[in-house]
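Chemist: Handing you this structure, nothing more for now.
The values are calculated or read from the model by the stated rules, or taken from the named source; none is laboratory data. Worth saying up front: this structure is predicted, and the values here are computed from it rather than measured. Ideal geometry is used to build each Cβ from the backbone, glycine not excepted, and the neighbour counts take in all protein chains shown.
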């Protein structure tokens, strides 16, 4: 059951954790910087948000601000996760609630790259299982002296592998959520493109 009944409640929880982390790290957060965390294109916000947003745009560097807040979010979440699994669960209740609407703070959460508890473990387990299957295949080929397949068989195995990848992708979307899998896929593809471009 979600701990929050409104986007405002969820946002206030996250902002309180960001402010606490800034205090812990002795990082200065101005009133404008804190108020910008309430910015939204939908839903309720602060009554003076228009003036705050205009002042922010004229004085602050948006990119620097977003990375500053993302770092605080990452460190605050890491601190709370270490202190209490339940507290970290509350983070995800708030994050999921805010995803229903368009909130500026969600941009910084995305940059911070937070993962739900157990998410990394599931990904590692999947990677190890895939690696184990490959090693088993190599072992069986060597043990039973199986010749490499013909060109037709290679085509069949290529198709079979493609189907397995699609099934694995759909299962991951079901297990850890479509948005996280899509974000992860997009991130991996971007890295592969960068590696290819550097290699050229």
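Chemist: In the stretch 57-69, is there at least one residue being part of a helix (DSSP H, G or I), surrounded by 19 or more Cβ atoms within 10 Å (Cβ to Cβ) and under 18 Å from the mean Cα position of the chain (by Cα)?
Modeler: The answer is yes; a qualifying residue exists.
Chemist: Can you find, within the stretch 1-48, the residue that is surrounded by the most Cβ atoms within 10 Å (Cβ to Cβ) among those that are in contact with a strand residue (DSSP E or B) (Cβ under 8 Å, 6 or more places away or on another chain) and outside any loop (DSSP other than H, G, I, E, B)?
Modeler: Restricting to residues being in contact with a strand residue (DSSP E or B) (Cβ under 8 Å, 6 or more places away or on another chain) and outside any loop (DSSP other than H, G, I, E, B), the top hit is 11.
Chemist: Shifting gears a bit: Quickly run through the stretch 77-90 and pick out the residues that are surrounded by 16 or more Cβ atoms within 10 Å (Cβ to Cβ) and within 15 Å of the chain's Cα centre (by Cα).
Modeler: 77, 88
Chemist: Considering each of 96, 103 in turn, give the residue that is touching a residue at least 60 places away in the same chain (Cβ under 8 Å) and surrounded by 18 or more Cβ atoms within 10 Å (Cβ to Cβ).
Modeler: That would be 103, the only listed residue that is touching a residue at least 60 places away in the same chain (Cβ under 8 Å) and surrounded by 18 or more Cβ atoms within 10 Å (Cβ to Cβ).
Chemist: If you don't mind, there's one more thing I want to ask. If you go through the stretch 170-179 one residue at a time, do you hit one that is part of a helix (DSSP H, G or I) and either at pLDDT 75 or above or more than 30 Å from residue 7 (Cβ to Cβ) (or both)?
Modeler: For the stretch 170-179, residues part of a helix (DSSP H, G or I) and either at pLDDT 75 or above or more than 30 Å from residue 7 (Cβ to Cβ) (or both): present.
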